[in-house]
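The values are calculated or read from the model by the stated rules, or taken from the named source; none is laboratory data. Note that the structure is a prediction, hence the values are computed from the model and not measured. Heads up, the Cβs are rebuilt from the backbone with ideal geometry, glycines too, and the neighbour counts pull from every protein chain shown.
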Amino acid sequence: MSKFKKKQANTSQSVPTSAMPDVVFMLLIFFMVTTVLREVELQVQIDYADAENIEKIEQKRLVSYIYIGPERLGGNRVGETKVQIDDALVADVNAIRNIMYDKLVEQPRLIVSLRVDEDSEFGIITDVQQELRHAGTLRINYSTRREI
Amino acid sequence: MLNKKRGRESAEINGSSLADIAFLLLIFFLVVTTIDVDTGIGLVLPPIPDDVEPPPVRERNLMNILVNAQGMVLINEQPAAVASVRERLKEFIDNNGADPNMSESPNDAIVSIKTDRRTPYNIYIDMLDEVMGAYAELRYSASMDRFGVPYSSLEDNSVEQDEIQEMYPKKISIAEPDEG
């Protein structure tokens, strides 16, 4: 009968946990590095358009955003289409030229990401693009979601 | 003797709560992290023209795409469906001089995109997507022919990628907007 007796392992039953802080720290560092804290408060409403043939922007440091969409008023109401750069709405479209030029001086390889609401009309984007051309920031990117 | 008195307690710092602290930080960063990858359609705007005349472009090398205020796509003044843009473009770019009305070579082919002030943005993006799709397909098949691997798996800035890009350069021109 003893032949069928279960073999009892001699090792201790507990999993060694001394390396757990290391593992956790590694995960922690990964998330700290990849975290981008939201730095702008959107004042315009944006639903992105979908597209299939899109590319990723690998170097986030180069990117500067321009938000174009209907202004958020209180509640669920939206107003007229406005342009937002960084934290503020741009009242005068002609001011974009100087703002973007200053950014270009800081970062010569600037990519401007246009985050445009899909229901916008193209006129305002044409105006912004003309301003970008005057500023010399020629690399742009129309922000879109991946089409599924 | 000058033997100093030593405490009986162990000199080590108790590290058992280190994991808890790390977990707390980890959870905080997990919650605030947004891994939103920036994706989109890249484009290079033409610089503001100087007084110098742009070099003349032969009519056959130019494909005019107009998206008008009603959201209709017109290719060389003929209405066309958005879905047909890709095939039309591939034919146009990859013509290599066969058809006298189409481009002489992929290197000469220029796609000119014109919009109206009231063009809906999503139609414009759909159309641009098709244009990019046409180039992507041409580059894909060129890459498969030459190297036997898809274009997307070529390394960035490698010799192979540059070669394909030279074969099918993206020559997309944004037309000057109309005044008023």
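Structural remarks
- Selection status of B:D129, without any contact (Cβ under 8 Å) to a residue 40 or more places away in the chain and within 13 Å of chain A (Cβ to nearest Cβ): no
Okay, residues lined up against (1) of a type in the set (A, V, I, L, M, F, W, C); (2) at pLDDT 90 or above; (3) in contact with a Lys or Arg (Cβ under 6 Å, 6 or more places away or on another chain):
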residue: A:K82; (1), (2), (3): no, no, no
residue: A:D92; (1), (2), (3): no, no, no
residue: A:A95; (1), (2), (3): yes, no, no
residue: A:Y101; (1), (2), (3): no, yes, no
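For (1) modelled with pLDDT under 80; (2) touching a Leu at 6+ places or on another chain (Cβ under 8 Å); (3) among the acidic types (D, E); (4) surrounded by 10 or more Cβ atoms within 10 Å (Cβ to Cβ), each residue gets a yes or a no:
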position	(1), (2), (3), (4)
B:M1	yes, no, no, no
B:R8	yes, no, no, no
B:L26	no, yes, no, yes
B:P49	yes, no, no, yes
B:P56	yes, no, no, no
B:A69	no, no, no, yes
B:V85	no, no, no, yes
B:R88	no, no, no, yes
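- Taking strands (runs of 3 or more DSSP E) as the structural unit, those lying wholly within segment A:49-112 and holding at least 3 residues that are within 13 Å of chain B (Cβ to nearest Cβ) correspond to A:49-51, A:63-72.
- Any hit, segment A:121-141, residues being more than 9 Å from chain B (Cβ to nearest Cβ), assigned to a strand (DSSP E or B) and either touching a Gly at 6+ places or on another chain (Cβ under 7 Å) or in contact (Cβ under 8 Å) with a residue 24 or more places away in the chain (or both): no
- Residue match in segment B:72-84 (condition: among the polar types (S, T, N, Q), out of contact with any Gly (no Cβ under 8 Å at 6 or more places or on another chain) and within 12 Å of another protein chain (Cβ to nearest Cβ)): no
- Scan segment B:126-157 for residues that are over 11 Å from B:L89 (Cβ atoms), hydroxyl-bearing (S, T, Y) and under 14 Å from the mean Cα position of the chain (by Cα) and the total you get is 2.
- Only residues that are assigned to a helix (DSSP H, G or I), under 22 Å from A:E58 (Cα atoms) and not polar (S, T, N, Q) were counted in segment B:140-162, giving 5.
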